[in-house]
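Worksheet: one structure, shown below.
The values are calculated or read from the model by the stated rules, or taken from the named source; none is laboratory data. None of these values were measured; they are calculated from a predicted model. A quick note on method: Cβ atoms are made from the backbone with ideal geometry, for glycine too, and the neighbour counts reach across all protein chains shown. Heavy atoms of the whole protein, side chains included, go into the accessibility calculation; ligands, DNA and RNA do not. Shrake-Rupley method; radii C 1.70, N 1.55, O 1.52, S 1.80 Å.
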Amino acid sequence: MTDKQQELDELLSMFHDFDILSSELNGETLVFAITIPWGSMWKKDDYTYTIRLELLNCTYFSCEYHKIKSNELIKIGDNRYKRDTEQITTTNPNDLNYLELSIQGSTHIIPDTHELHCISSAEIDFAKITISTTNYRIFDQNGKEITLDTMKKWGTEWWDRIQKMWDNQRQQ
């Protein structure tokens, strides 16, 4: 695995409760505007902090999402049910702009493919975004390029605060 692939894997593994605001493909650059919950570390209850993620050399994009058809549950085994959904696949990143997807995790498929696992609104049950890319750039909400180390620092601070909150709740 190349250094950039390792970095991409590290970066995307931090994505949890990251909301996709917009998505577009400019040539071979896939651009996401993403709201991250970490902004509440700097401003109380501010969950609107947005980063710009550019995935460079993006040679593949696909999003498979499951649109809820009804609230009826379908039995799929002993004590197992699933929602009644319709699977829709798109290869147009602009289609994500209306799905209200929230990235909950990622999977790296060697060498250069990444799956982003998402939940959504009341109309979409779940989604999987598949991307092939070899490089990236990240920008803060002021347009300043930031490093993976900055994202790691923010992520560590965020999860340290969450752990402290959980510890305080257990002590009460």
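Only the Cβ atoms of Lys and Arg (+1) and of Asp and Glu (-1) were treated as charged; on that basis the dipole of the chain about its Cα centre amounts to roughly 420 debye.
Shape verdict for segment 8-74, please, from the Cα gyration tensor: rounded (a/c under 1.5), prolate (a/b greater than b/c) or oblate. Judged from the Cα gyration tensor, segment 8-74 comes out oblate (a/c at least 1.5, b/c at or above a/b). Relative to the current alpha-carbon distance between R170 and D95, full extension at 0.36 nm per residue lengthens the span by 22.7 nm. If you average the C-alpha positions of segment 98-165 and of segment 78-97 separately, how far apart do those two centres end up, in angstrom? Centre-to-centre distance over Cα atoms comes out at 19 Å. The label-point distance for R80 and E123, in a model that sets each label 7 Å from Cα toward Cβ, rounds to 3.0 nm.
For segment 13-111, chymotrypsin sites (Phe, Trp or Tyr not before Pro) are listed when DSSP marks them as loop and at most 11 other Cβ atoms sit within 10 Å of their Cβ; the list is W42. Evaluate the Debye formula for segment 20-158 with equal point scatterers sitting on the alpha carbons, no solvent, and hand back log10 of I(q)/I(0) at q = 0.15, 0.16 Å⁻¹, in q order, two decimals. At q = 0.15, 0.16 Å⁻¹ the computed log10 ratios are -0.83, -0.92. Heavy-atom surface analysis with a 1.4 Å probe gives segment 62-112 a carbon and sulfur content of 41 percent of its accessible area. Taking all protein chains into account, the per residue accessible area for the chain stands at 59 Å² (1.4 Å probe).
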